[in-house]
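The block underneath contains the structure these notes are about, expressed in structure tokens.
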Amino acid sequence: MQIAICDDNLECRNSVYTYVKYYSEINNLDTAIFVFEDGGSLLEEETTFDILFLDIELGDTDGITVAEQILKSSPNTIVIIITNYRKYLDAAMDVNVLRFIDKPITQERITSALEKAIDEINHSHILIHTKENTIKKLKKSDIIYVEVLHKTTTFYTTNGIMQCKEPISHFRELLNCTFFAVPHNSYIVNLKYVSLFKRDAIEVSSEFFPSVTISVAPRKQAQFRKQFMSFIEGE
């Protein structure tokens with residue numbers, strides 16, 4: 001999960017970074033946190049962010065304008081506005097921000113915002129371009145697992161099997177939910193359907209398809225175990 005923090009105040013930047021990092025660590029989230037001190041450097045960054053913590057006043061630039069530009073190129077980014085100035089609330093709502101956080105920042109406020117943002121991510125949809133030249137909207141929670149075989153990416157879902165044109169690497173970025181994990185570069189697995197877990201292999205079972213055994217790559221075993229155990233504890 002890619003998270004950005006943009007604030008021209010050093011103390012605020014550091015506080016948000018510390019709180020986001022703490023939340024990620026205690027919840028075993030695989031996150032990359034990017035920090036920016038102005039809107040210009042944020043807009044120049046090529047990374048697509050899942051969550052953006054954005055100050056409303058950024059020196060010569062205002063956060064509303066920056067948010068609008070970010071959302072034009074990355075409409076699925078969840079924007080959380082941080083400010084002392086509630087007069088900007090209506091404008092922030094117009095660009096569809098998720099939450100408005102008052103300063104001073106606290107761990108409780110950042111945790112609450114992250115939980116809401118992650119819940120939004122977990123229950124959203126993705127679009128896939130099928131081999132039949134159609135575009136289908138697919139709810140993330142309906143995906144059981146994704147497999148690439150002979151350069152074909154296949155979705156196994158609660159609504160059937162779908163083959164698509166995009167490479168599996170494209171979906172690793174889109175399937176950024178807390179209940180998805182990558183045991184092997186050829187698979188993305190919904191942890192809800194993992195019925196058996198071993199260090200080097202898992203079994204994925206559902207009422208929709210026969211059970212399948214998937215290897216866990218050696219270099220992914222430690223992170224996969226953390227994600228799986230955190231998911232189980234959360235369930």
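Taking Leu52, is it within 25 Å of Val182 (Cβ to Cβ), modelled with pLDDT of 85 or more and open to solvent by less than 20 Å² (accessible area, probe 1.4 Å)? Criteria met by Leu52.
Tally time: how many residues in the range 171-197 are of a type in the set (Ser, Thr, Tyr), surrounded by 20 or more Cβ atoms within 10 Å (Cβ to Cβ) and not in a strand (DSSP E or B)? So the answer is 1.
Filtering the range 55-66 to residues that are open to solvent by 40 Å² or more (accessible area, probe 1.4 Å) and either under 25 Å from Glu115 (Cβ atoms) or part of a loop (DSSP other than H, G, I, E, B) (or both) leaves Gly59, Asp60.
Taken over the range 1-22, residues that are crowded, with 18+ Cβ neighbours inside 10 Å, aliphatic (A, V, I, L, M) and either out of contact with any Ser or Thr (no Cβ under 9 Å at 6 or more places or on another chain) or assigned to a helix (DSSP H, G or I) (or both) amount to 3. Selection of the range 23-40 for residues being farther than 26 Å from Thr61 by Cβ, open to solvent by 30 Å² or more (accessible area, probe 1.4 Å) and touching a helix residue (DSSP H, G or I) at 6+ places or on another chain (Cβ under 7 Å) yields Asn27, Asn28, Asp30.
Residue by residue, here is whether (1) of a type in the set (Lys, Arg); (2) touching a Lys or Arg at 6+ places or on another chain (Cβ under 6 Å); (3) farther than 18 Å from Leu114 by Cβ holds:
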site	(1), (2), (3)
Ala4	no, no, no
Ser15	no, no, no
Lys21	yes, no, no
Ser41	no, no, yes
Glu46	no, no, yes
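Being closer than 23 Å to Thr178 by Cα, under 17 Å from the mean Cα position of the chain (by Cα), part of a helix (DSSP H, G or I) and at pLDDT 85 or above holds for only one residue in Glu25, Glu108, and it is Glu25.
Residues in the range 74-86 that are farther than 21 Å from Thr31 by Cα and either open to solvent by 70 Å² or more (accessible area, probe 1.4 Å) or not in a strand (DSSP E or B) (or both): Asn84, Tyr85, Arg86.
Here is the figure for the range 175-204: residues that are within 22 Å of Thr152 (Cα to Cα) and of a type in the set (Gly, Ala, Ser) total 2. Sub-7 Å Cβ pairs linking a first residue in the range 187-209 that is under 21 Å from Arg219 (Cβ atoms) to a second residue that is open to solvent by 20 Å² or more (accessible area, probe 1.4 Å) and of a type in the set (Lys, Arg), at least 6 apart or interchain, are Ile188/Arg172, ordered by first then second residue. The lone criterion from (1) outside any loop (DSSP other than H, G, I, E, B); (2) of a type in the set (D, E, K, R); (3) exposed (fewer than 12 other Cβ atoms within 10 Å of the Cβ) left unmet by Glu132 is number (1).
Per the conditions (1) at pLDDT below 95; (2) in a strand (DSSP E or B), the sole criterion not satisfied by Phe209 is (2).
The values are calculated or read from the model by the stated rules, or taken from the named source; none is laboratory data. Given the structure is predicted, the values throughout are model-derived calculations rather than measurements. As a convention, Cβ positions derive from the backbone with ideal geometry for all residues, glycine included, and neighbour counts pool all protein chains shown. Only protein heavy atoms, including side chains, enter the accessible area calculation; ligands, DNA and RNA are left aside. Shrake-Rupley method; radii C 1.70, N 1.55, O 1.52, S 1.80 Å.
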